[in-house]
Amino acid sequence: MFHNISDAVLKRMRELEQKNTNDKRAGVPPFERLRQIPPITGRFLALTAAAAPDGDYIEVGTSGGYSALWLSLACRALGRTLTTFELAEPKLELAAETFRVAGIDDIVTIVPGDARDNLAEHGNVSFCFLDTEKTLYEDCYELVVPNMVEGGVLIADNMVSHAGDLAGFLDRAESDLRVDSMVVPIGEGLLIARKS
């Protein structure tokens, strides 16, 4: 999977990494800049997604499409698809461009708008990456978990970097008898929850 990443995907990854760095240096406000995961998190997501059981892959929070590029590696290897949700209009346009130029628009579908309006319709979820506004985490979690297949995996980002904002969400996930979960110190901190 990592040994045969296409040149188009690698090129777009580098472009988004540079844009993310430039936005941070320029002081672009958080809601306007990409706020994408680091490469180490992307690699971890791809490996975890590749080990998920049969089912649907979803992502809540597309941003510029960087994490979806990593997830597309698992999708391509397994013959699966990814549905990703994004609320911010400028990011929708950037993500659509990302998927087109990287050549993964055949396996990635962007759904515009509030994911909470659509998540309940997605059953048979085997993998979910949650990386959106922190105030939405718990709502999205409660919509996804009931629709996950046995052994399905949900990963939520920013559990260490936004520990204060996400303390209630973390308590909910760790006390949820439907999943086994833990936080791992990769990138900004990832919650991994596996459906029992």
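Under the simplified labelling scheme, the residue 47-residue 124 pair shows an inter-label distance of 2.9 nm, with each label point 7 Å from Cα along Cα→Cβ. Backbone amide hydrogens, once placed in the peptide plane, bring residue 190 within less than 5 Å of 159, 184, excluding anything fewer than 5 places away on its chain. Based on DSSP, what percent of beta bridges with both residues in the chain are antiparallel, to the nearest 5? Here the share of antiparallel DSSP bridges comes out near 35 percent.
In this Cβ point-charge picture (+1 for Lys and Arg, -1 for Asp and Glu), the chain has a dipole of about 720 debye about its Cα centre.
When the charge dipole of the chain is built from unit charges on Cβ atoms (+1 for Lys and Arg, -1 for Asp and Glu) and taken about the Cα centre, the candidate among 173, 143, 53 whose Cα reaches farthest toward its positive end is 53. Across region 85-135, the relative contact order, built from alpha-carbon pairs under 8 Å that are at least six residues apart, equals 44 percent.
Between amide H atoms placed 1.01 Å from N, distances below 5 Å from residue 129 occur with 58, 59, 60, 155, all of them 5 or more places distant or on a separate chain. Working from Cα pairs under 8 Å separated by at least six residues, relative contact order for region 86-196 is 22 percent. Among the listed pairs 24/195; 19/134; 19/195, those with a Cα-Cα distance over 28 Å are 24/195; 19/195. Averaging over all projection directions, the Cα-based convex hull of region 1-98 occupies 6.1 nm² in the image plane.
Where the centroid of each part is defined by its Cα atoms, how far is region 10-77 from region 122-180 in Å? So the separation of the two Cα centres works out to 18 Å.
Based on C-alpha pairs under 8 angstrom that are at least 6 apart in sequence, the chain has a relative contact order of 19 percent.
3J(HN,Hα) couplings calculated from phi for region 137-145 with the Karplus curve 6.51 cos²θ - 1.76 cosθ + 1.60 (θ = phi - 60°) are, in sequence order, 3, 5, 4, 5, 4, 5, 7, 7, 3 Hz; Gly and Pro show x. Taking θ as phi - 60° and the Karplus parameters 6.51, -1.76 and 1.60, the scalar couplings of region 159-169 work out to 6, 9, 5, 10, 4, x, 5, 9, 4, x, 4 Hz in sequence order, x denoting glycine and proline. Cut-off 15 Å, label point 7 angstrom out along Cα-to-Cβ of residue 160: give me the residues of region 117-149 whose amide nitrogen falls inside. Those under the cut-off are none; the list is empty.
Here, each number is a calculation from the coordinates, and none is a lab measurement. In this text the structure is predicted, and so the values were computed from the model without any measurement. Note: ideal-geometry Cβ built from the backbone for every residue, glycine included; neighbour counts use all protein chains shown.
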